Amino acid sequence: MAHNNSYGKPQSDGNRDRGFEDKSFTPPSVKISAFYEDNGKNVKDDLFDDVAKKVAESLKGKNKRGGDIGVTSTQLRRVFEEVKRFEQILLTSNDQWEKQYPYIRMIKSKVAYTVARASKQKTEEKGVYKNLEVFISSCINLIKKQEDYHVFVNLFEAAYGFYYELAPKNCQ
């Protein structure tokens with residue numbers, strides 16, 4: 001509440017949020033439940049477009065004042081490069097799957113660390129980073145064979161492309 005100080009000038013009581021409408025928004029997370037159609041052989045038709053776009057949209061939101069927030073392109077690129085690194089290892093040698101599979105599963109913990117660290121620094125963005133973790137973890141949980149990993153990489157690449165288009169300018 002504003003009142004006049006001893007000089008007759010209006011003065012605030014220090015509560016800057018009075019009458020302030022919280023405009024924060026975090027979209028729902030996208031948990032991937034399957035890469036393949038019901039027959040288990042064909043990749044879902046909408047996986048690399050509609051689903052990937054929903055994933056990208058889940059990585060951006062609004063802060064309390066209604067400003068755009070999102071996963072930074074640097075953080076997203078680091079995770080993506082880690083995923084691509086394993087793809088290169090798998091493509092160069094056919095006998096690497098069994099050796100690399102435990103390390104591929106470890107990507108989940110690396111993302112959890114990234115999310116915890118980013119959330120600590122940018123508390124308003126915690127939700128969008130958590131959405132990244134849900135996406136990565138749900139996908140990695142679906143990976144049972146090398147072919148599944150390649151589908152995941154392509155899905156992540158599609159989501160990354162859509163996010164680049166949708167990302168708030170302050171996150172690029």
Taking the chain and dividing mean pair separation by its residue count, relative contact order in percent (alpha carbons under 8 Å, at least six apart): 32 percent
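Let me know the charge dipole size of the chain about its Cα centre in debye, to the nearest 20, where only the beta-carbon of Lys, Arg (+1) and Asp, Glu (-1) is charged.
860 debye
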Rounded percent of accessible protein surface that carbon and sulfur make up, the chain, 1.4 Å probe: 49 percent
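What translational diffusion coefficient, to the nearest whole µm²/s, does segment 47-136 have by Stokes-Einstein, given a Kirkwood radius computed over alpha-carbon pairs, a temperature of 20 °C and 1.002 mPa s viscosity?
Details: Rh = 14.4 Å.
Stokes-Einstein gives a translational diffusion coefficient of 149 µm²/s.
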The chain: DSSP helices with Cα axial extent of at least 20 Å and average Kyte-Doolittle hydropathy no lower than -1.0: 73-92, 107-121, 126-142, 146-166
Among Asn63, Ser109, Thr74 the positive-end extreme of the charge dipole of the chain (Cβ point charges): Asn63
Residue pairs, from the table Lys122/Lys144; Lys53/Lys126; Lys64/Lys110, whose Cα atoms sit over 26 Å apart: Lys122/Lys144; Lys64/Lys110
Global form of the chain, assessed from the alpha-carbon gyration tensor, a/c cut-off 1.5: prolate
CD proxy at 222 nm, helix term only [per DSSP H run n ≥ 4: -39500 (n - 2.57); per residue of the chain; nearest 500]: -17000 deg cm²/dmol
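The values are calculated or read from the model by the stated rules, or taken from the named source; none is laboratory data. In this text the structure is predicted, and so the values were computed from the model without any measurement. In this analysis, Cβ positions are derived from the backbone assuming ideal geometry, glycine residues included, and neighbour counts consider all displayed protein chains. Only protein heavy atoms, including side chains, enter the accessible area calculation; ligands, DNA and RNA are left aside. Shrake-Rupley method; radii C 1.70, N 1.55, O 1.52, S 1.80 Å.
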